[in-house]
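Enquirer: Questions regarding the structure given below will be posed in turn.
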Amino acid sequence: MTQADIYKGELILVNAEHPYFENLAKPNLVPAASGNADILLEQNTATHLSQVMEKINGWQQIVPVSGWRSLKEQQDIFKQSLKDNGRTFTQQFVALPGKSEHQTGLAIDLGLKKESIDFIRPDFPYIGICQQFREKSVPYGFIERYPREKEHITGIAHEPWHFRYVGTPHAEIMREHHFCLEEYIDFLKRFSQDQPYTFYKDSQEIQIFYLKADTESVSLEVAEDGSLSVSGNNVDGYIITEWRG
């Protein structure tokens, strides 16, 4: 792991306090949905989104509204919203350029398929196919990134349409504890290599712990029948996830 790896991975926290360093973490982009080459996502995110949609036959009623955005596109959207909607609205619903999850390729805005769709606030209610997606997507690694009553933490208004890929089992843990991503990143700092957080999924033991970036050296041993992944948190260190058995 290098210092630059802090800014890469599925668990990076991007918000007003923690900008996205696109020169250090360029995503491998693919279409978010087949037949729609204009909306892109990070490859692994797109794969899992496709799996959810296939499970619920979601693309019959749901459309991708906005996926990956370049810095320039985010600047243009922010500027246009200021002009059209004013500063209060824009600060609530449009992230600052350079500090938007959409620049990571890990975030997707979804909307009900309609003749007219609001680009900034698409309709994605808590009923029907939209709620099915909200519930079924968690085991595939997706969270509703900006939930109600977390606005004071996320700095963004409630957005029922905005989903973020964080991977599994992290999405399940966040749902279990009702964490937004900011809270989850802080929560994981309680756990070390010697005392990891343990989660069980499908009879498999998963251990998760935080590693501060200034740690001089660390030995990461993987069990013969296990696997390990490392993600930066875009703040100050790494999150290690090990599947055992």
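The values are calculated or read from the model by the stated rules, or taken from the named source; none is laboratory data. Note that the structure is predicted; figures quoted are calculated from it, not measured. For neighbour counting, all protein chains shown are included, and Cβ atoms are generated from backbone atoms with ideal geometry for every residue, glycine included. Quick note on the areas: whole protein, heavy atoms, side chains included, nothing else; ligands and nucleic acids left out. Shrake-Rupley method; radii C 1.70, N 1.55, O 1.52, S 1.80 Å.
Enquirer: Which one is right for this structure if percent of Cα pairs over 31 Å apart is calculated from it: (i) 17; (ii) 22; (iii) 14?
Expert: Checking each listed value against the structure points to (ii).
Enquirer: What whole-number volume per residue, in cubic angstrom, does the convex hull of the C-alpha atoms of the stretch 1-98 give?
Expert: Taking the convex hull of the Cα positions in the stretch 1-98, it is 131 Å³ per residue.
Enquirer: What size of dipole, in debye to the nearest 20, comes out for the stretch 1-115 about its Cα centre when the only charges are +1 on Lys and Arg C-beta atoms and -1 on Asp and Glu C-beta atoms?
Expert: 220
Enquirer: Net charge within 13 Å of Lys136 by Cβ-Cβ distance, Lys/Arg positive one each and Asp/Glu negative one each, not counting Lys136 itself?
Expert: With Lys, Arg at +1 and Asp, Glu at -1, the neighbours total -1.
Enquirer: Note down the net charge around Glu42, summing +1 for each Lys or Arg and -1 for each Asp or Glu among other residues with Cβ under 13 Å from its Cβ.
Expert: Net local charge, Glu42 excluded: +1.
Enquirer: Let me ask something else. Report, in whole Å, the centroid distance computed from the Cα atoms of the stretch 92-147 and the stretch 21-54.
Expert: 14
Enquirer: Of Asn36, Gln103, Ile129, which is farthest along the charge dipole of the stretch 25-153 in the positive direction, counting Lys and Arg as +1 and Asp and Glu as -1 at C-beta?
Expert: Projecting each Cα onto the dipole axis, the largest value belongs to Gln103.
Enquirer: To continue, here is another question. Take peptides 78-89, 142-153 and line them up by average Cβ neighbours within 10 Å, highest first, as a rough protection proxy.
Expert: The peptides rank, most packed first, as 142-153, 78-89.
Enquirer: When you have a sec, figure out the Kirkwood radius of the stretch 133-208 from all distinct Cα pair distances and drop it here in Å to one decimal? Working shown, then result.
Expert: On the way: mean 1/r = 0.0763 Å⁻¹.
So the Kirkwood estimate lands at 13.1 Å.
Enquirer: May I ask you to give the solvent-accessible area per residue for the stretch 1-72, in square angstrom, as obtained with a 1.4 angstrom probe?
Expert: 53
Enquirer: Quote the charge dipole size of the chain about the Cα centre in Debye, to the nearest 20; the model charges only the Cβ of Lys and Arg (+1) and of Asp and Glu (-1).
Expert: The dipole of the chain has a size of about 780 debye.
Enquirer: With point charges of +1 on the Cβ of Lys and Arg and -1 on the Cβ of Asp and Glu, referenced to the Cα centre of the chain, which listed residue (Asn57, Leu11, Asn23) lies farthest in the positive direction of the dipole?
Expert: So the residue furthest toward the plus end is Asn57.
Enquirer: Go through Lys136/Lys212; Lys8/Lys150; Lys8/Lys79; Lys26/Lys136; Lys55/Lys99 and tell me which ones have a Cα-Cα distance over 30 Å in this structure.
Expert: Result: Lys136/Lys212; Lys55/Lys99 exceed 30 Å.
Enquirer: Mind checking the dipole of the stretch 68-184: about its Cα centre, +1 per Lys or Arg Cβ, -1 per Asp or Glu Cβ, Debye to the nearest 20?
Expert: Its charge dipole is roughly 280 debye.
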